[in-house]
Amino acid sequence: MSTMLMKKQSELIDELKTITTEGQNPDTLDIDLLDAIGVLEKINNEDQKVASIVKLILPEIAKAVDKIVDAFAKGGRLIYIGAGTSGRLGVLDAVECPPTFSVSDKQVLGIIAGGDKAIKKAVEGAEDNEALAVEDLKAVKLVAKDVLVGIAASGRTPYVLSAMHYGKTIGATVVGLSCSYNDKFAQANDINLCAVVGAEALTGSTRMKSGTAQKLILNMLTTASMIRSGKTYRNLMIDVSASNEKLYARAIRIVMQATECNYHQAKKALNIADNNTKLATLMVLTGLEVAAAKASLLQNKGFLRKAIEQAE
């Protein structure tokens, strides 16, 4: 091994010592001596700490949501970028948006270091490739009106840091999501979402508490942004895309829940509305014909409550 490589590894080991997620958890030192239920209790005890930690940064998450809503209103996108587990979680959250909220698959994107193949199998060296991050963002044509969310449990991933720096040079709003505070990471973003969940039950396995915290926050970012963009009515997924039998059944049920109509009325309204759940609901609640209901939703920027109030 060369002297240069040894020095680099030594520096990385020293860096890992400062990362919260790499610490050794004193509460699970005996985890390898326990039976199955004992192991699960230890893991569950750690998991229960996550939600309360996320609660501490709700004001920062709200700032990010406001930026995302503003971006959507201007035709901008939400773009997640990360490596390993963090990247996979971003991809997962992104791909759930079209069927849940009937948005384009280009409105919320998930980028993982190493490309789509890295979703199933780790790509060696991808998380350290700074140039690759810039190439990936250029490939999706990142622009100033977009919101870029860099996800890195450790707060040190070179691929993610490089992406965030590039995002700033473009003028995009840059949000950083991590589970260990890092000055370089905080300085590379405009809104710092740092949920310090502490050492993992299994040292360094950030797919556990850190992954859970990231999943909670990503859910919040997209769900709250879609709610604030008019994609729900009450707490119903009024913009659900009826793209398969289960979702079609859900669409019928949503119309029934929103209007208190019966199954046959809901199904008829959906057929007339070409399976547009929001449009069908507005028609049932107001008696508007298809053309008038469409015009009302357009005038009210997709907000069903406002369209209903206007028709009253």
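Just so you know, all these numbers are worked out from the coordinates, no wet-lab data involved. Quick caveat: nothing in here was measured; it's all calculated off a predicted structure. Cβ: placed from backbone, ideal geometry, glycine included. Neighbour counts: every protein chain shown.
Brief remarks follow.
- Backbone phi angles across the stretch 33-41, fed through the Karplus curve with coefficients 6.51, -1.76 and 1.60 (θ = phi - 60°), yield HN-Hα couplings of 9, 8, 7, 4, 5, x, 4, 5, 5 Hz in residue order; Gly and Pro are listed as x.
- Net length available on complete extension from R305 to R207 is 31.3 nm, with 0.36 nm assigned per residue and the Cα-Cα distance removed.
- Rounded to the nearest 20 debye, the dipole size of the stretch 169-239 about its Cα centre is 240 debye, using +1 on the Cβ of Lys and Arg and -1 on the Cβ of Asp and Glu.
- J(HN,Hα) series, the stretch 94-105, from Karplus relation 6.51 cos²θ - 1.76 cosθ + 1.60, nearest Hz, glycine and proline x: 5, 6, 7, 5, x, x, 7, 10, 6, 9, 5, 6
- In this structure, V39 and V196 have a Cβ-Cβ separation that, at R0 = 30 Å, corresponds to a calculated FRET efficiency of about 0.80.
- When only the Cβ of Lys, Arg, Asp and Glu is charged (+1, +1, -1, -1), the dipole of the stretch 50-228 relative to its Cα centre reaches about 260 debye.
- All-pairs alpha carbon distance profile, the stretch 50-228, 5 Å steps from 0, percent: 1, 9, 19, 24, 23, 15, 7, 1, 0
- Size of electric dipole in the stretch 236-289: Cβ of Lys, Arg +1 and of Asp, Glu -1, about Cα centre, debye, nearest 20: 160
- When shorter helices are ignored and each DSSP H run of at least 4 residues is given -39500 (n - 2.57), the per-residue value for the chain at 222 nm works out to -16500 deg cm²/dmol.
- Charge dipole (the chain, unit charges on Cβ, about Cα centre) - positive-most of A153, N271, M220: N271
- The orientation-averaged projection of the convex hull spanning the C-alpha atoms of the chain amounts to 19.6 square nanometres.
- Descending semi-axes in Å of the stretch 245-311, equivalent ellipsoid built from Cα gyration tensor: 19, 11, 10
- Computed over the chain: relative contact order in percent, which uses C-alpha pairs under 8 Å that are six or more apart: 18
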